[in-house]
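Data block below; observations after.
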């Protein structure tokens, strides 16, 4: 069964460093998302991406964040200068032609720890 | 606002009993209401969803009901088993291309 894959599974970084989280969505999916989950809290929407551009972003997704689909398969989330409060599990998700009104398939997540 | 409110935050039931989790949403245009289950340290996984053209949907021990007038929907789990213990999240699409999740309900099934 196809699934969303994410790398790395865990990254530890120093405050102020840049981090890139990588995702390979399911191959025939058209909508891509990043969510984050601070330990013990809810799953928070960051950004949605469709047709090679951001279609929606939350207040959390400020100028420090960016997304890219550089080669037609990978979907990346970059945090330019990490802060302590960026420590969280970051989930990539993808969905088919129904977008957010269809099932979102989540990756296993990338745990980011900012020291 | 863009809220999806979920209650209760924790729920403990005896094995075999039923569990009900409720959510309300704010965007009257929302037309899709999924429920996700997240086991400890794992990814959220869809367990059931409902669209706005129906009022109820069942899948074995799990059912979801929708009241569009009141803008709330509920997850019902019957004959609960220990493996149902997890965090459950409701969600709804809000103002376009974002699926917003509720705060989650920790369900504990005691055997």
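The values are calculated or read from the model by the stated rules, or taken from the named source; none is laboratory data. Bear in mind the structure is a predicted one, so any value in this text is a computation, not a measurement. Don't worry about glycine lacking a Cβ; one is built from the backbone with ideal geometry, like all the others, and counts go over all protein chains shown.
Taking into account only those residues within region A:7-45 that are at the interface with another protein chain (Cβ under 9 Å from one of its Cβ atoms) and not in a loop (DSSP other than H, G, I, E, B), which is nearest to residue A:75 (Cα to Cα)?
Ranking the candidates gives A:33 first.
It is to be established whether one or more residues within region B:103-111 are within 13 Å of chain A (Cβ to nearest Cβ), at pLDDT 95 or above, outside any loop (DSSP other than H, G, I, E, B) and crowded, with 19+ Cβ neighbours inside 10 Å.
yes
Among the residues that make up region B:52-66, is at least one of them within 13 Å of another protein chain (Cβ to nearest Cβ) and surrounded by 14 or more Cβ atoms within 10 Å (Cβ to Cβ)?
First pass over region B:52-66, keeping only residues within 13 Å of another protein chain (Cβ to nearest Cβ): B:52-53.
Adding the requirement that they be surrounded by 14 or more Cβ atoms within 10 Å (Cβ to Cβ) leaves B:52.
Within region B:52-66, one or more residues are within 13 Å of another protein chain (Cβ to nearest Cβ) and surrounded by 14 or more Cβ atoms within 10 Å (Cβ to Cβ).
Within region B:8-27, does at least one residue satisfy the condition of being at pLDDT 95 or above, in a loop (DSSP other than H, G, I, E, B) and under 13 Å from the mean Cα position of the chain (by Cα)?
There is at least one residue in region B:8-27 that is at pLDDT 95 or above, in a loop (DSSP other than H, G, I, E, B) and under 13 Å from the mean Cα position of the chain (by Cα).
With the requirement that a residue be farther than 15 Å from residue B:98 by Cβ and touching a residue at least 12 places away in the same chain (Cβ under 8 Å), what does region A:50-62 give you?
A:51, A:52, listed by residue number.
Give B:83, B:79 a once-over and let me know the one that is assigned to a loop (DSSP other than H, G, I, E, B), away from every other protein chain (no Cβ under 14 Å) and modelled with pLDDT of 95 or more.
After ruling out the rest, the residue left standing is B:79.
Counting just the residues of region B:28-40 that are in a loop (DSSP other than H, G, I, E, B) and more than 8 Å from every other protein chain (Cβ to nearest Cβ), which one comes out nearest to residue B:102 (Cα to Cα)?
Per the stated criteria, the residue is B:30.
Only residues that are within 9 Å of chain B (Cβ to nearest Cβ) and either at pLDDT 95 or above or surrounded by fewer than 19 Cβ atoms within 10 Å (Cβ to Cβ) (or both): list them for region A:90-100, please.
A:91, A:93, A:98
Within region A:70-89, count every residue that is in a helix (DSSP H, G or I) and either more than 13 Å from the chain's Cα centre (by Cα) or within 14 Å of another protein chain (Cβ to nearest Cβ) (or both). Spell out the reasoning first.
Here is the first cut: in region A:70-89, the ones in a helix (DSSP H, G or I) are A:84-86.
Next cut, either more than 13 Å from the chain's Cα centre (by Cα) or within 14 Å of another protein chain (Cβ to nearest Cβ) (or both) only: A:84-85.
Count: 2.
Can you give me the number of residues within region B:41-67 that are free of Cβ contacts under 8 Å to residues at least 24 places away in the same chain and outside any strand (DSSP E or B)?
The number of residues fulfilling the criteria is 9.
Return the total of residues in region A:30-53 being modelled with pLDDT of 95 or more and either loosely packed, with under 15 Cβ neighbours inside 10 Å or farther than 14 Å from residue A:93 by Cα (or both).
Selection size over region A:30-53: 1.
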